[in-house]
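Accompanying notes for the structure given below.
The values are calculated or read from the model by the stated rules, or taken from the named source; none is laboratory data. All of these numbers come straight from a predicted model, not from anything done at the bench. Ideal geometry is used to build each Cβ from the backbone, glycine not excepted, and the neighbour counts take in all protein chains shown.
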Amino acid sequence: MPRQKPEAPVVLWKGSEKMRWNKWLRLWGVVATSCVVAAGSAMFAAAQSNGKQQDKSKESTTLRPAAARDQRRVVALAEEVRHQLVTLPYYSVFDWLEANVTSNGEVTLTGDVVKPTTKSDAEARLKDLESVSRVTNNIEVLPLSPSDDQLRIALYRAIFKFDSPLFRYGTAAVPSIHIIVANGHVRLKGVVASAEDGQLANLAANGVSGVFEVKNELQVEKTASNR
C-alpha cells in the first residue's frame, strides 16, 4: 500500500503572512486577555469617578437645603417676633424695640420703653412662641420725668403737625418715626420714605424748646429705585 502523506498544518492568513493554527490561537488568547484587563481597568476607573461625583452631589444636596431651611426658619421667626412686639398694648411712638433672632430659636430684645410693663409683656409674649427656645431681655426702661413727658408731646406735635409733609407718618396706629426722650436728649428711630423726610424730622425736633440734643437715627426705606 502506498504510504499516506501526513496532513499539512492548517494555515490562516494575516495580511500576506501565513500563520499556523496553534500559533494563531495562542496569539488570540493573549490579545483577548489584554482586552479584558484593559476593559476591567476602564470600568474600575469609571466607577471610581462616578463614586466621587455621587459623593459630591450628596454633599451639595444635603448641606445646602439644611442651610436654606435654617434661613427660612429665621425669617419666619423674625416676622412672628416683629408682629408680637408691634401689637403690644402699650407700645407707642415713644417706645422703640429691636429683636435679634438666631437659627436655634434664641431671641435677644433691646430698645427703650416708657412703661416697665411693656418690657415684661414683650418677654412674656415671645416666651409663649413655640419656635422660641430662649429670650434675653435687654430692654431699657426710660427714667420717670415730667419734663421728658412734656417734651414727648411737644416733639410729637412739631414733627407730625397737620401742615407738614410728615403728617402722613403720624396717622398710623404706630408711626414709623419713633421719638425716644431721656433726660432732655432725643433720638429719632425708625424708617422714612426718603432722606428729605429724615431731615425734616430732625429739623422739627431741633426746633423744640428744652431739647438738649437730637440724634437722627432714621433709616431710609429700601425701594426698587435705590437698591
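Would a scan of segment 139-160 turn up a residue that is out of contact with any Cys (no Cβ under 6 Å at 6 or more places or on another chain), within 17 Å of GLY190 (Cβ to Cβ) and of a type in the set (Ser, Thr, Tyr)? Yes, that holds for at least one residue. Can you confirm whether segment 116-131 contains a residue that is assigned to a loop (DSSP other than H, G, I, E, B) and modelled with pLDDT of 95 or more? No, segment 116-131 contains no residue that is assigned to a loop (DSSP other than H, G, I, E, B) and modelled with pLDDT of 95 or more. When VAL174, VAL208 are checked against the criterion of being aliphatic (A, V, I, L, M), touching a Phe, Trp or Tyr at 6+ places or on another chain (Cβ under 8 Å) and in contact (Cβ under 8 Å) with a residue 40 or more places away in the chain, a single residue qualifies: VAL174. Scan segment 140-175 for residues that are polar (S, T, N, Q) and either assigned to a helix (DSSP H, G or I) or at positive phi (or both) and jot them down. Result: SER147, GLN150. Within segment 182-199, residues that are touching a residue at least 12 places away in the same chain (Cβ under 8 Å) sit with their Cβ atoms under 6 Å from residues that are part of a strand (DSSP E or B) and of a type in the set (Lys, Arg), at 6+ positions apart or across chains, in these pairs: ARG187/LYS215.
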